[in-house]
1. Quick check: residue separation of residue 15 and residue 185 times 0.36 nm, minus the Cα distance between them. What number comes out in nm?
2. In square angstrom, rounded to the nearest 10, how much accessible surface does residue 47 have for a 1.4 Å probe?
3. Residues of the chain: accessible area per residue at 1.4 Å, in Å²?
4. Cross-link list 142/227; 149/264; 105/264; 35/244: which exceed 22 angstrom alpha carbon to alpha carbon?
5. Quick one: net charge around residue 49, please, counting Lys, Arg +1 and Asp, Glu -1 for every other residue with C-beta under 12 Å from its C-beta.
6. Roughly what angle does helix 137-146 make with the longest principal axis of the chain, taking Cα atoms, 0 to 90 degrees, to the nearest 10?
7. Taking 0.36 nm per intervening residue step and subtracting the Cα-Cα distance, what contour gain separates residue 88 from residue 161 on full extension?
8. How do 123, 221, 153 rank by accessible surface area computed with a 1.4 Å probe, from largest to smallest?
Amino acid sequence: FFNLYVAQHVNGSFSRDVNLVMWETGHNYYYDIVKAVWAAFSHRAHVKPIHDYIGKRVCFRDAMFSLLPRMRLGLFYSSPIPEQCSRSGLFTAFNRHLMHRLNIKQERVSSSKEGASKRLRVTLLSRQTRWRKVVNEDELLKALRDSGKYDVTLANFTHNVPFLEQVHISHNSDIFIGMHGAGLTHTLFLPDWAAVFELFNCHDVRCYRDLAALRGVKYVTWTAMDKLETVERSPEHLKGATEKFSNYRVDVDEFMRLVEEAAKSVRSRLRL
């Protein structure tokens, strides 16, 4: 969606009076798990797959081809950014644009207003996949709740949770915590003052660190490797990126120290 948003800038038009065609030429029919987001770009309820036009002659009055998604060393995916580059106005505008058009409301009351809560909203993303699970997740939840400083949500962003509900949760998170994986792309939807805590980057150092920098939010990740225990590893992936095919136990005290590091940044930005 970010590449489509940038393409609209290039084209100089943000009209939703358009038809969208998904240029997907694979053998499998395109399954769209985030289809609700298309409403930010078109009033048409249905995105047509290119397969619908096979063997037909199609005439377009006007056509725009978006910039490519996941371009190697291109926009968003592995974007080559300087070390000190942060708070991209384009990424901030993308966040504002989607939240407005999808009607995702920010529920935190301004710190200057009566009734503003000093408790931070922490979302812990629970992985439902085979690998990169945190086996002592319950201990982390208990430590967060027992601290009395946080309102804690355990989020399961599976296909069974409507995507707009997922976006609402992430947009209303002050601290967003998750293991390395696609769920951390929700960094794009976090509020300006938020922090993202990548529990373990699996030695893919720049991926979500750079995304957090572009979005302009605080980034924290695990560095004390002596306090991170590998409890299970896939026998099928003994070579290559084995860290992504393992499950982990994290030290609770170190986890809470890093949460507090993230919280310090959030409180400073919110002036709590």
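1. Once the chain is fully extended between residue 15 and residue 185, it gains 58.6 nm.
2. Rounded to the nearest 10, the figure is 30 Å².
3. Using a 1.4 Å probe on heavy atoms only, each residue of the chain averages 57 Å².
4. Violating the 22 Å Cα-Cα cut-off are 105/264; 35/244.
5. -1
6. Value to nearest ten degrees: 70.
7. That pair, residue 88 and residue 161, stretches by 23.3 nm at full extension.
8. I get 153, 221, 123, largest accessible area first.
The values are calculated or read from the model by the stated rules, or taken from the named source; none is laboratory data. In this text, all values refer to a predicted model and were calculated from it rather than measured experimentally. Glycine gets a Cβ as well: all are built from the backbone with ideal geometry, and neighbour counts include every protein chain shown. Side chains are part of the model used for accessible areas, which takes the heavy atoms of the whole protein and leaves out ligands, DNA and RNA. Shrake-Rupley method; radii C 1.70, N 1.55, O 1.52, S 1.80 Å.
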